[in-house]
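Peer 1: Dumping the structure here so I can ask a few things about it.
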Amino acid sequence: LRRSNAPSCDHFWKSREVETERIRTDSPNESAQSPWHLRSGRNCAMRRLTTCVMLASAHLSGSVPATKRLEGLVVPEWDWNPPYDEICLDVPTVTGRNGTEWTNNSRGLFIARPDGVPPAGGWPVLMTFTIIDFPTQKPCGLDGHTPSAQVPLAETCVAAFGQVCGTQLNQSYYGCRNCTYTHAGFLESHGCTGTSLSQIVGPSESGWPKPLCPQLPPLDAVCEEELSQKCPLGQARQYTDCELCVDQALRNASSGVHCGMAPESTRLLFCAGYVRPPYTELFSPFGSPHAMGMGCSCLNGTTYGCSAPAKNSTHHMPTGAGCTIDMFAGGLWMQRVKQYAIANGIAVIVANTYYLDAWESYPEDWEGGFDPPFFAALDAAMGSSTSPPPLRDLNPKQIAVHGWSGSAQMVSWVIQLHASGQLGGLRIIAGIMAAGGSYACYYTPPQARGVCANCTVGGSTFGDLLQCSNVSKANGQEPLCNYCCPDRFTEDWYETHPQDYVSHPWTFLYQTEMDSGADSCAAAYYHDEMLRHGAHSELMHVPMKNERCYSIGAPGDPAVPASDTFQRFCSNPNVSSINHTTGFAEMVEPVTSFMLRAIAAHPTP
């Protein structure tokens, strides 16, 4: 999930405690410092772990501590669903890089405002960048749909693919696909857009050039006949109905359906006559943690298909379970942050991206890309007297931005745009980064810098990935580029203008201590560089001993009301949180406090 649908986010570490210590923020000129920020007691130099498993099998003793009540905060009800407005922000079609026309670029914005009359200048804003779009009531942009046509792959993209995945071209579809997403960072830094990765893999969609990966062989005729009897295409209303029917037929030994091909391949081929639904979130952008969890049968007590690891050892979220990946990464707690923000006087914007996990957070992507016209449209609309009330009531001079994983890099890039004067009238006062850090993460030489300067492109095992990049170097091994973030660097503007760190937007970073979808020191590197220059930064970690259950809460954890059934998730030793966090109980109130202090420290000019 760094800059693509990288499959590595489904990998989990075997249970193991790592000592942690609570430290203060060390922010300069801060008289009342928060004691709740977790930091590795080993300064990221953790002993190398050699065994990576997909699903944690050992139950961890102890529970995640209950959220502390910070003085002065309004505490919203757990099951409160804040009312919100849905806006389709019109973004005109533009001609971008390589002559590409960015069509259907309008963006769904979901805006929730505090009760009452907005203050002078408008409500301060928390803007969160989605990775997976939320569906809109009326068509707006792509809304999670794959672009219907793509320009030919850039030559640099094809060459980069050949460099890291050329050996897979004559292998299997899945080997080629996995290689593509494993090296997504390298490919995107060499001219492959987010949609290019899907284009490389295929199966080919209407209007797309032929994919580079080998395609699946046709279904065996006997298998197709058996499935046709069990799952008549005329009875399947949509792709997901067909997929669910095939899934059940293949799992039922008495069904008489015996296909030699892998279940995923069988579903892809048999259900190919149906257009895949858009890949969107399955919960409301402002749904309560209760509502979000109750929609997922892996969490709501029914344990449909979630009671044991799948045969291929992947984290199993079956079709029809109503679950999305962020639910297992702590999405309930990000919903809780939204509740807290609104209840404490901060408006929240949830902004859809152009396409799945496709924020243009790098100079190479930004120039001629689809995000610059979106931000220009947002600048023109926010706080304008001619805009509808949700946008009119917002303060463009008090904006905190939030992102998880790939969109955490977007937070850093937006800070770079703010510092270099490229956001017009939008003023960024704070950045909140989950499971990520600087936009300069995951570059390859010669663009890679710091600890990543001589990083390795491709290769190795997951045991080598899930650690801090400086640990690799300490062990005499260069880190892998697509799991490496630079130390001693935040953004280019501040590297060349270090005197401006005094006005750098405040930052709050949080990450699991061992992260399967990022450099495990991504947050720490950024935080340390902020402190080195006297800027304000705060940092939290989920310690290793809590990584299995942090996304929901361990049995008996008072952070989740006893009336909810989510704790059954962690009473089952065969299921696990994803150690690439978007939120956890302990960060909710510190993040809210951080935003309120940042707003107070950055009054409207």
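Peer 1: Once amide H atoms are placed 1.01 Å from N in the peptide plane, what residues at a sequence separation of 5 or more from residue 509, or on another chain, have their amide H within under 5 Å of its amide H?
Peer 2: Sorted by chain and number, the residues that satisfy this are 433, 538, 539, 540.
Peer 1: Counting Lys +1, Arg +1, Asp -1, Glu -1, what net charge surrounds residue 381 among other residues with beta carbon under 12 Å of its beta carbon?
Peer 2: Net of charged neighbours comes to -1.
Peer 1: Rounded to a whole number, what is D in µm²/s for segment 322-394 from Stokes-Einstein with the Kirkwood radius over alpha-carbon pairs (10 °C, 1.306 mPa s)?
Peer 2: It comes out at roughly 106 µm²/s.
Peer 1: Another question, if that's okay. If one puts a single equal scatterer on every Cα of segment 482-592 and applies the Debye formula without solvent, what log₁₀ I(q)/I(0) results at q = 0.22, 0.23, 0.24 Å⁻¹?
Peer 2: -1.16, -1.22, -1.28
Peer 1: Consider just the alpha-carbon atoms of segment 69-119 and return their Rg together with their Dmax, both in angstrom.
Peer 2: 18.9, 55
Peer 1: A further question follows. Taking K and R as +1 and D and E as -1, what net charge do the other residues with C-beta under 10 Å from the C-beta of residue 134 add up to?
Peer 2: Every neighbour counted, the sum reads -4.
Peer 1: Could you state the number of Å between the C-alpha centres of segment 318-351 and segment 516-549?
Peer 2: 21 Å
Peer 1: Here is a follow-up. So, counting K/R as plus one and D/E as minus one, what does the shell of residues with Cβ under 12 Å around residue 324 add up to?
Peer 2: Working: positive: none; negative: 133, 281, 326.
Around residue 324, the surrounding residues sum to -3.
Peer 1: List, in order, the whole-Hz ³J(HN,Hα) value for each residue of segment 173-180 obtained from phi through the Karplus relation with A = 6.51, B = -1.76, C = 1.60 and θ = phi - 60°; use x for Gly and Pro.
Peer 2: Listing the rounded values in order: 4, 5, x, 5, 4, 5, 4, 4 Hz.
Peer 1: Regarding segment 398-455, what whole-number volume in Å³ per residue does the convex hull of its Cα atoms give?
Peer 2: Dividing the Cα hull volume of segment 398-455 by its residues yields 83 Å³.
Peer 1: What do you get for Rg/Rh of segment 377-490 when both radii come from the Cα atoms and Rh is the Kirkwood radius?
Peer 2: Values: Rg = 18.3 Å, Rh = 16.0 Å.
Looking at segment 377-490, the ratio lands at 1.14.
Peer 1: Ordering 548, 449 by accessible area with a probe of 1.4 Å, largest first, what comes out?
Peer 2: Numbers: 548 5, 449 75 Å².
The residues order as 449, 548, largest area first.
The values are calculated or read from the model by the stated rules, or taken from the named source; none is laboratory data. Just so it is clear, the structure is predicted and the values come from calculations on it, not from any experiment. Quick reminder, even Gly has a Cβ in these numbers, built from the backbone with ideal geometry, and neighbours come from all protein chains shown. The accessibility values were calculated without ligands, DNA or RNA, using every heavy atom of the protein model including side chains. Shrake-Rupley method; radii C 1.70, N 1.55, O 1.52, S 1.80 Å.
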